[in-house]
Amino acid sequence: TDLRPLDILSEAVPAGALARGMRVFQVQGMRGFQLSASRPRALGFPASRLFIHCDRFPEEFSIIVTLRALRVPAKRNEYIFTLMVEESSSVLVGLRYAPDKLHFLFWSQERTAGGWQTRVTFPNVSLSDNQWHTLILAVSGQSFSLTVDCSIPKDVVLETPFPASLSVRSASFYLGNRRRRKGLFTGLLRQLVLLPGADATPRICHAVNFKVGMLSVPSVLQDVSVKPMSNEVLKYPYETDMKVTLGARPRCSKQEKAQFWFNTSRQGLYLCNGSTWVSMLEVQHRLDYVEEYQNLVTSSETMGIEVFTIPKVGLFTAMANRITPPGSAIYRWTDGKFVHYQNIPTYQAQSWKYFTIGKKVFLAVANFEQNERGQEFSVIYKWSRKKAKFITYQRITTHSARDWEAFVIEGEAFLAVVNHREGNNHNVNSVIYRWNPKTGLFEMNQTIPTSGAYDWEFFTIGPYSFLAVANTFNGTSTKIYSHIYIWLSGSFQLFQSILTFGAADWEVFHIGDRVFLAVANSHSYDSGMPAPSNFYAINSSIYELNITAQMFVKFQDLLTYSALDWEFFSVGDDSFLVVANSFDGFTFSVNSIIYRWQGYEGFVAAHHLPTVGCRDWEAFHTAEGSYLFYSSAKEPLSKVLKLKTT
């Protein structure tokens, strides 16, 4: 049996042209067919063009559909496709949807009777949200399974099985209709494939972007280069819902693909290619060198920095200062410099985290030591629009807290704290808190065992959410496993463990469709092993997500010196990583390094930056240009560096 995919949609498109009643439209960076109701029969073709060697529909099969559906009125049904016999109004096989429902239709046959129409209904299927979705319908006997965007399958078992021998003689496929104007599909159709004899879910659900998983797509709908190399003419012209955004650099993802952004400060026009902004009318900027721009003298050493923008207010940075009095400071970007704005009492602060919930603006500090009363807690501050400053909002008990991470899953807000140790015990629980909208407070949701942990890193891949912890020390060794957790069934569960050496930071980043995760290894120490020649000269590693293996695999090792932080940033089309080297075993005056992405070669050292006890890096942009900002854990001086481009 030939189990090749049967591309129904491609068969309906004549070679080198479009069928009458079909237009190509691009939305959210993806192309699909828009169908016309003027001539429904023009959107059909004989089934014999697909079923060449046999006139029977497969007994077991999958149907794969990628579509973008518009909102449908309450009592309206729209057909995605039908298979019908000439001179008969019965549907042999078909797929239609209504608000929050999907119906699979087939003709049940009996030896003694003519047969009857059978309908399989999948409830709670929300397609009419103007987003792209991929559906996989797997059929085998009495079992019918629907998977939407590679989520948990919806299974239905009927008394009536799909017929073992359904004749398609004299039948035709019809796209988006049942041979009449009523019930015409009004959205966009990108993929419609019949896969005989197999469940297509494993073949589709391995891509990063599950919503547009591709098995077979007509060539007219496939992507071309965003920026042609020469004056090319599009082979297949298409329409698009083009938008041009003005002002600050907006997000560029699959949702914004093919949208334009006009950078008023640089007088440049950019096109989103699905992951980055590509210059269309501006000479590409390349990082030439880095120059010192501002020396920021602080009240004490700075363990961490957080650069953030409060909407309609401005750009700020929060400095996590080590010495308790006077605590930590917040600075505001004014006339091209950071200027002191507010002091906040902290207790050996390690880091800050900025986040928003609705219109509320928050800033959380991780305190490492107790206050004057012997109480140990970290604090969440809320921005007061009336007072134009941050005020205390909620105190949370922590244990030598190192880091906060804020994130949203399925519309719910979470805040995770890294507890480094309790007394001399480094093997303690770190805690994830969930926002309670009724009380307006964060409440404990889950605890996760950690070992002298330093950092949380949250990220998403397709519909899945992940949380990585950097475990540093278990009481006897820094050679321990750090863990990546995945959100399943309402909690984080272990996904993968990676051996690290005093891990101090995780940094996730994307280059094109590739997903990377970099770990900063700080030092190698094991009380039960002979001391190495240098505890601190050690490889930090970059891992890449392997979709097929469903795990992160090592991509590259880079020699670092007690690395405490990674920061990813871009200049033009170039990607960079900068590492915070803090100590080489002899001195805290050690170069931190900017690495440039070189494709096949990986990351290659491009710039060496003199730093002293470098603890944290932040990259940020203003109308005047792009900057790097580093903090020192060994002197009360942090520095803003300006990226000079050519």
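The values are calculated or read from the model by the stated rules, or taken from the named source; none is laboratory data. Not measured: the values here are computed from a predicted model. Ideal geometry is used to build each Cβ from the backbone, glycine not excepted, and the neighbour counts take in all protein chains shown. Remember, those area values only see protein heavy atoms, side chains included, never the ligands or the DNA or RNA. Shrake-Rupley method; radii C 1.70, N 1.55, O 1.52, S 1.80 Å.
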**Q.** Residue, most open to solvent (accessible area, probe 1.4 Å), within the range 463-513, restricted to residues that are outside any strand (DSSP E or B) and not polar (S, T, N, Q)
**A.** ASP513
Q: Starting from residues that are of a type in the set (Gly, Ala, Ser) and at negative phi, keep the ones in the range 442-458 and report whichever is least open to solvent (accessible area, probe 1.4 Å).
A: ALA453
Q. Does TYR595 qualify as being modelled with pLDDT of 95 or more and either in contact with a Pro (Cβ under 8 Å, 6 or more places away or on another chain) or not polar (S, T, N, Q) (or both)?
A. yes
(Q) Residue under question is SER265, and the condition is that it be at pLDDT 85 or above and either more than 27 Å from the chain's Cα centre (by Cα) or assigned by the TED database to the domain that holds LYS337 (or both); does it hold? (A) no
Q: Spot the failing condition for GLU159; the list is (1) open to solvent by 60 Å² or more (accessible area, probe 1.4 Å); (2) of a type outside the set (Phe, Trp, Tyr); (3) not in a loop (DSSP other than H, G, I, E, B), and only one is missed.
A: (3)
Q: Considering each of SER631, SER592 in turn, give the residue that is open to solvent by less than 10 Å² (accessible area, probe 1.4 Å), over 18 Å from SER540 (Cα atoms), small (Gly, Ala, Ser) and over 27 Å from the mean Cα position of the chain (by Cα).
A: SER631
Q) Considering the range 32-47 alone, what residues qualify as being at pLDDT below 85 and crowded, with 21+ Cβ neighbours inside 10 Å? A) PRO40, LEU43
Q | Those residues of the range 189-207 which are touching a Leu at 6+ places or on another chain (Cβ under 7 Å) and open to solvent by 10 Å² or more (accessible area, probe 1.4 Å), in sequence order | A | ARG190, PRO196, GLY197, ALA198, ARG203
(Q) Of everything in the range 268-293, what is at pLDDT below 80 and in a strand (DSSP E or B)? Give them in sequence order. (A) GLY268, SER279, LEU287, ASP288
Q | GLN556 vs. criteria among the polar types (S, T, N, Q), more than 24 Å from LEU415 (Cα to Cα) and assigned by the TED database to the domain that holds PHE568 | A | yes
Q) Does the range 607-621 include one or more residues that are open to solvent by 40 Å² or more (accessible area, probe 1.4 Å), assigned by the TED database to the domain that holds SER328 and closer than 17 Å to VAL519 by Cα? A) no
Q: Considering each residue of the range 294-333, count those that are at pLDDT 95 or above and under 33 Å from the mean Cα position of the chain (by Cα), and give that number.
A: 24
**Q.** In the range 40-58, the residues that are touching a strand residue (DSSP E or B) at 6+ places or on another chain (Cβ under 8 Å) and either over 24 Å from SER128 (Cα atoms) or not hydrophobic (A, V, I, L, M, F, W, C) (or both)
**A.** PRO40, ARG41, GLY44, PHE45, PRO46, ALA47, LEU50, PHE51, ASP55, ARG56, PHE57, PRO58
Q | Lone unmet requirement of (1) aromatic (Phe, Trp, Tyr); (2) in contact (Cβ under 8 Å) with a residue 40 or more places away in the chain; (3) in contact with a Leu (Cβ under 9 Å, 6 or more places away or on another chain) for TYR464 | A | (2)
Q.
Just checking, does the range 96-118 include any residue being in the same structural domain as MET214 (by the TED database) and in contact with a helix residue (DSSP H, G or I) (Cβ under 9 Å, 6 or more places away or on another chain)?
A. no
Q. Got a number for residues in the range 8-31 being within 16 Å of TYR79 (Cβ to Cβ) and modelled with pLDDT of 75 or more?
A. 4
Q: With a cut-off of at least 2 residues that are under 30 Å from LEU271 (Cα atoms) and under 21 Å from the mean Cα position of the chain (by Cα), name the strands (runs of 3 or more DSSP E) lying wholly within the range 537-588.
A: 537-546, 563-571, 574-581
(Q) Here is a list: GLN109, GLN142, GLN117, GLN131. Which entry is over 25 Å from VAL27 (Cα atoms) and touching a residue at least 40 places away in the same chain (Cβ under 8 Å)? (A) GLN109
Q. Is the range 431-441 home to any residue that is open to solvent by 20 Å² or more (accessible area, probe 1.4 Å), under 22 Å from the mean Cα position of the chain (by Cα) and closer than 27 Å to TYR543 by Cα?
A. no
Q: Return yes when PHE210 is buried (at least 16 other Cβ atoms within 10 Å of the Cβ) and modelled with pLDDT of 85 or more and no when it is not.
A: no
